[in-house]
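Here the structure is laid out as structure tokens; the discussion comes afterwards.
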Amino acid sequence: MSTNVWYYVDRHQERQGPVDAEIIREAYRGGQIDGESLVWREGMSQWAPLKQFELEFDLEDEPTLLTRAPAMAPTGFDADAPTLAYASPYAPPMATVASHVDFDGDASDVVYAGFWRRFCALFVDGLLVATVNYAIFFVLILIFGVGGGLLSGLEKAASGMNGAMVGLQLSMYVIGLGVSAAYFVLQESSDAQATLGKRLVGIKVTDLQGQRLTRLHALGRWVSHLLCYFTLYIGYVMAAFTDRKQGLHDMVASTLVVDQWAYTSHPELQKRELGGCLITFIVVFFSLIVLFIGGMMFAIAAIGQGGWR
């Protein structure tokens, strides 16, 4: 058997690897893959069905059938192209993912991104943007503290804000908006059509015809999402009830959030159900909320009974 490093796609359309040939044979024996499952190794120009390598993997005597309809490998493969940050389950380590180049404007099979996939993406994006903002805030604290006397100003904050504090807060507000705008606009108008959070859960943003957003259109969508804050986040919750899973900002900006394989030549690769990782995230998230609320209630009850002195 070959000692080359392999990659393969399991029944859940998830890319696995790098693994050796024995691991692929065990996956075949266990029914995790079959003859039509796509495999790839360095030196191959594109993904190919496992059945083409039955001799190399010593599968000719295995009971599982190796012959069925031809497998459909993704188009637009370029083994020498740089890897995008967002990759399909079928993308080998050095493969690019077809996006607007692979566009099929007449596609009728479109899976719209549901509320929970969008919630998870927004949660991740929010953490990333907040991390950058706090890092900038820390740098400004150092700059103002060393050069502008902010540290002494902080000591006087109890009796009233001084000019340095007001200036710092205004600066952070403006910088925070700028970081958020740059993050969402540049990524949602890129080839990936998605932020890092959206890529993580396999969704992307398009216009109403399934095309990639322009920079200006993406900026309009970002401005529109501010309406969701004025509606106490109800604008985001609307994505759970509208026909095409649009939030208020999507309706205003005329955009859609869909599966990453929607509006491509391979709509059959779209995920129509929540994946295991996403379900785990939801369970953990709400478990933490329940624990937090329970802890707060316990603390309040203890204080009320005079348990803490």
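The values are calculated or read from the model by the stated rules, or taken from the named source; none is laboratory data. Predicted model only: the values in this text are computed from it and were never measured. For the accessible areas, the whole protein counts, side chains as well, though only heavy atoms, and no ligand, DNA or RNA atoms are used. Shrake-Rupley method; radii C 1.70, N 1.55, O 1.52, S 1.80 Å.
Sequence gap at least 6, Cα distance under 8 Å: using those rules, report the relative contact order of the stretch 187-309 to the nearest whole percent.
19 percent
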Inset, instruction - Could you tell me whether the stretch 201-266 comes out rounded, prolate or oblate from its Cα gyration tensor? Rule is a ≥ b ≥ c as square roots of the eigenvalues, rounded for a/c under 1.5, then prolate if a/b exceeds b/c, otherwise oblate. - result: oblate
Inset, instruction - Order the following by accessible area, largest value first: Arg244, Arg118, Arg11. Probe radius 1.4 Å; ligands, DNA and RNA are ignored. - result: Arg11, Arg244, Arg118
Inset, instruction - Quick one: of Lys204/Lys271; Lys198/Lys271; Lys51/Lys271, which pairs are farther than 23 Å apart, Cα to Cα? - result: Lys51/Lys271
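Calculate, for the stretch 191-309, the solvent-accessible area per residue in square angstrom, rolling a 1.4 angstrom probe over the heavy atoms of the protein chains. Don't skip to the answer; put the middle values down first.
On the way: 6800 Å² over 119 residues.
Accessible area per residue: 57 Å².
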Inset, instruction - Please work out, to two decimal places, the log10 of the ratio I(q)/I(0) at q = 0.27 Å⁻¹ from a Debye calculation in which every Cα of the stretch 220-299 carries one identical scatterer. - result: -1.11
